[in-house]
Amino acid sequence: MLCVIPAKAYVPGVGIEVTLNVTVKFKHVQPCPYSDWEILTENPVNVKVVSESETKLTDAFTAVKQYTVKILYSF
């Protein structure tokens, strides 16, 4: 399992929807014979996922997924 934690992300304010683009670059050609990988997120309690796209391979080495999230409140 690979876990990536961004250092920081900034949004203009509470209640605003923002789009997050996740890009994964693989070392080996995809889909590999036993491919079972997924792009998943864990969100803080103040973040709501409004929508998410299907994960797509854009080429043999790259997968992308898009999330729209809303910040519910600030700490």
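Values as computed for the structure displayed
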{"read-out": "Cross-chain or 6+ apart pairs with Cβ under 8 Å, segment 52-75 first and surrounded by 15 or more Cβ atoms within 10 Å (Cβ to Cβ) and acidic (Asp, Glu), then modelled with pLDDT under 90 and part of a strand (DSSP E or B)", "value": "none"}
{"read-out": "Number of positions in segment 1-50 that are surrounded by 12 or more Cβ atoms within 10 Å (Cβ to Cβ), touching a residue at least 40 places away in the same chain (Cβ under 8 Å) and either among the hydrophobic types (A, V, I, L, M, F, W, C) or touching a helix residue (DSSP H, G or I) at 6+ places or on another chain (Cβ under 8 Å) (or both)", "value": "5"}
{"read-out": "Extreme residue, nearest to the chain's Cα centre (by Cα), among residues of segment 19-42 that are over 18 Å from Ser53 (Cβ atoms) and among the hydrophobic types (A, V, I, L, M, F, W, C)", "value": "Phe26"}
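So that you can scan it fast, the table gives a plain yes or no per residue for (1) assigned to a loop (DSSP other than H, G, I, E, B); (2) not polar (S, T, N, Q):
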site	(1), (2)
Pro6	yes, yes
Pro12	yes, yes
Leu20	no, yes
Pro31	yes, yes
Asp36	yes, yes
Ile39	yes, yes
Val49	no, yes
Thr58	no, no
Tyr67	no, yes
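The values are calculated or read from the model by the stated rules, or taken from the named source; none is laboratory data. Not measured: the values here are computed from a predicted model. Glycine gets a Cβ as well: all are built from the backbone with ideal geometry, and neighbour counts include every protein chain shown.
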